[in-house]
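Structure first, then comments.
The values are calculated or read from the model by the stated rules, or taken from the named source; none is laboratory data. What you see is a predicted model; the values in this text were computed from it and never measured. A quick note on method: Cβ atoms are made from the backbone with ideal geometry, for glycine too, and the neighbour counts reach across all protein chains shown.
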Protein chains: 2
Amino acid sequence: MADGKKLRYSQQRERIYEYLLSSKEHHPSAEMVYDALRSEIQGLSLGTVYRNLRLLEDLGKIRRVASHQGIDRYDSCCSDHVHFFCQSCGYIENVPKADIEKIRAAVPLGSSYQLFKLDLTLTGLCSKCTIKEITKE
Amino acid sequence: MADGKKLRYSQQRERIYEYLLSSKEHHPSAEMVYDALRSEIQGLSLGTVYRNLRLLEDLGKIRRVASHQGIDRYDSCCSDHVHFFCQSCGYIENVPKADIEKIRAAVPLGSSYQLFKLDLTLTGLCSKCTIKEITKE
DNA sequence: ATCGATGCAAAGGGTTTGCAGGAGC
DNA sequence: GCTCCTGCAAACCCTTTGCATCGAT
């Protein structure tokens, strides 16, 4: 992080970043990224995916979402926003209507604190899984 | 979780729960609990700490706070509230003045969703570490 | 006496890292 | 050609689990 190394282009890194941009609604894990790209990039290794996710995070281009069930998930959107984690299907959705300013205002922090980021995660059952549950009974 | 087993008293479990109650402000990890109790409970094993933390969580007596840096932290308070995670010292504090109702109101969820819990984590530098940082420069 | 809880150590599973070869500049 | 990046596999680290024994009821 912020070391003197010069960044060099790599196809792998570009594809990984592109994939993250294209799957804003999935919030994929490292393994999900790997599975999605391994057919397209011959001989891609999981280690490379991890290294690039970490690098992109250090560069501030992506954001690591608080991990669920011990697995880190990634988001190409770096601004504060709200996530909904479905316990049943494991998907992480954005909650687009959330009012971030209102949330910030509800959290008064002393002036001696420095706030870098804010993560609000709702846990429950998503729309699909709720309907499945109702239908089953 | 919710299996037919009958709970039996154990000194270890009692102490672990007591320790969590007494360290509401620390939000300790399993290892922190272990380190704090091993001198007091002869031959305590880390596995037992993990087993009991999980059991207490399943019983709804404690809450697992979203893990930071890959390590789970525990909280004896089970109601929704706001945490402040300090990147520098690793402490997790409560943000007592946070207005949970206001936060809930800022997050409109479709009626087809079921919300079980809400986790808001602020990340930054706590008061102490901010002052340290300023003093250093 | 029964069966849950413990201690110990080994196994799991996600993530990181060392190394030799390959690719960008 | 100098470095960074990659693939591979081993190492790491937190957490879980199998097993024999201990302990609560």
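Flag not set for B:LYS117, criterion: under 17 Å from A:LEU120 (Cα atoms), touching a helix residue (DSSP H, G or I) at 6+ places or on another chain (Cβ under 7 Å) and surrounded by 14 or more Cβ atoms within 10 Å (Cβ to Cβ).
There is at least one residue in segment B:83-91 that is more than 13 Å from DNA strand C (Cβ to nearest atom), surrounded by fewer than 19 Cβ atoms within 10 Å (Cβ to Cβ) and among the hydroxyl-bearing types (Ser, Thr, Tyr). Being in the same structural domain as A:LYS5 (by TED's automatic domain parsing) and among the aromatic types (Phe, Trp, Tyr) is a description that does not apply to A:TYR113.
With the checklist (1) within 14 Å of chain B (Cβ to nearest Cβ); (2) in contact (Cβ under 8 Å) with a residue 12 or more places away in the chain; (3) within 25 Å of B:PHE116 (Cβ to Cβ); (4) exposed (fewer than 14 other Cβ atoms within 10 Å of the Cβ) in hand, flag the one item A:ARG73 doesn't pass. It is condition (4) that A:ARG73 fails.
The residues of segment B:76-94 that are of a type in the set (Phe, Trp, Tyr) and facing chain A (nearest Cβ under 10 Å), listed by number, are B:PHE84, B:PHE85. Looking only at residues that are within 14 Å of another protein chain (Cβ to nearest Cβ) and surrounded by fewer than 18 Cβ atoms within 10 Å (Cβ to Cβ) in segment B:8-57, which one is nearest to DNA strand C (Cβ to nearest atom)? Out of the qualifying residues, it is B:TYR50. State whether one or more residues within segment A:91-98 are under 21 Å from B:LEU115 (Cα atoms) and among the basic types (Lys, Arg). The answer is yes, given that some residue of segment A:91-98 is under 21 Å from B:LEU115 (Cα atoms) and among the basic types (Lys, Arg). Scanning segment A:110-137 for residues that are assigned to a loop (DSSP other than H, G, I, E, B) and more than 7 Å from chain B (Cβ to nearest Cβ), we see that the one that is nearest to A:LEU20 (Cα to Cα) is A:SER111. I'd like to check something: does segment A:52-61 contain any residue that is among the small types (Gly, Ala, Ser), within 15 Å of the chain's Cα centre (by Cα), at pLDDT below 90 and not assigned by TED's automatic domain parsing to the domain that holds A:GLN87? So far as segment A:52-61 goes, no, none of its residues is among the small types (Gly, Ala, Ser), within 15 Å of the chain's Cα centre (by Cα), at pLDDT below 90 and not assigned by TED's automatic domain parsing to the domain that holds A:GLN87. In a residue-by-residue description of segment A:95-106, the property of being at the interface with chain B (Cβ under 7 Å from one of its Cβ atoms), farther than 9 Å from A:VAL82 by Cα, out of contact with any helix residue (DSSP H, G or I) (no Cβ under 7 Å at 6 or more places or on another chain) and buried (at least 18 other Cβ atoms within 10 Å of the Cβ) applies to no position.
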